[in-house]
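Notes follow once the structure below has been shown.
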Amino acid sequence: MGSKQRTKPTVSVSTPDRSFLEDDRAIEGLPIRLVIALVIGVASLGIMLQILGGVDTFEGDTEVDVRFNDSSIGPDEDDVSVYVIDEDGNEVEDAVVVAEPASNARMDGALDQTTGDNSWEDNEVQFDFDDQGDLELPPDQSTGEIKFDIYPPEDSNWADDEPNNRLLVVE
């Protein structure tokens, strides 16, 4: 038996006939394939963005609250301006604001106003507790509160789930 030797491949290092800078050949078909892939990619991205643009945002409802010029009123004061804002400080239009007596305050029922229905700001309502609601405190009490419920527009992402600020009534 004879020994078998493996033959080593020979690599010939030869000087090229032309330089790399002078080589104007390209990989055949590569540029057109890149152009086709780019066109298909841009079209696909456009379709995906259009589909995703039609989907509503996935964030929850934005909480609304009331804000006052003064945090307290007397039982004989006339007008109180109430502003409806969301948690980001944006104005809430077309919301119904209902004012009801809370602890120790007495009124002749609840009062309601709608933001945007007046000549004031779009998120402002004015309540006249003295004339409309006949606001009073019991004889043995010197403070009370008025609570506010907000009913935001149905077609919005606003919600009134948390308790709202209350207006303090002082004697």
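The values are calculated or read from the model by the stated rules, or taken from the named source; none is laboratory data. These numbers were taken from a predicted model, which means no experiment stands behind them. So basically every Cβ, Gly included, is an ideal-geometry build from the backbone, and we count neighbours across all protein chains shown. Just so you know, the surface numbers come from the protein's heavy atoms only, side chains and all, with ligands and any DNA or RNA stripped out. Shrake-Rupley method; radii C 1.70, N 1.55, O 1.52, S 1.80 Å.
Would you be able to tell me the number of residues in segment 122-171 that are within 21 Å of Ser103 (Cα to Cα) and of a type in the set (S, T, N, Q)?
Applying the first criterion (within 21 Å of Ser103 (Cα to Cα)) to segment 122-171 yields 127-150, 160-171.
From the residues that got through so far, the ones that are of a type in the set (S, T, N, Q) too are 132, 141-143, 164-165.
The qualifying residues number 6.
Among the residues of segment 103-115, those identified as surrounded by 15 or more Cβ atoms within 10 Å (Cβ to Cβ) and in a loop (DSSP other than H, G, I, E, B) are Ala105, Met107, Thr115. Can you name the residue in segment 41-64 that is within 30 Å of Glu91 (Cβ to Cβ) and part of a helix (DSSP H, G or I) and, of all such residues, is modelled with the highest pLDDT? My answer is Leu52. The residue of segment 139-171 that is nearest to Glu124 (Cα to Cα), among those that are open to solvent by less than 50 Å² (accessible area, probe 1.4 Å) and touching a Lys or Arg at 6+ places or on another chain (Cβ under 9 Å), is Phe148. With respect to being surrounded by 15 or more Cβ atoms within 10 Å (Cβ to Cβ) and out of contact with any Asp or Glu (no Cβ under 9 Å at 6 or more places or on another chain), Val66 fits the description.
Here Asp94 meets each of (1) at pLDDT 85 or above; (2) on the phi > 0 side of the Ramachandran plot; (3) open to solvent by less than 90 Å² (accessible area, probe 1.4 Å) with one exception, condition (3).
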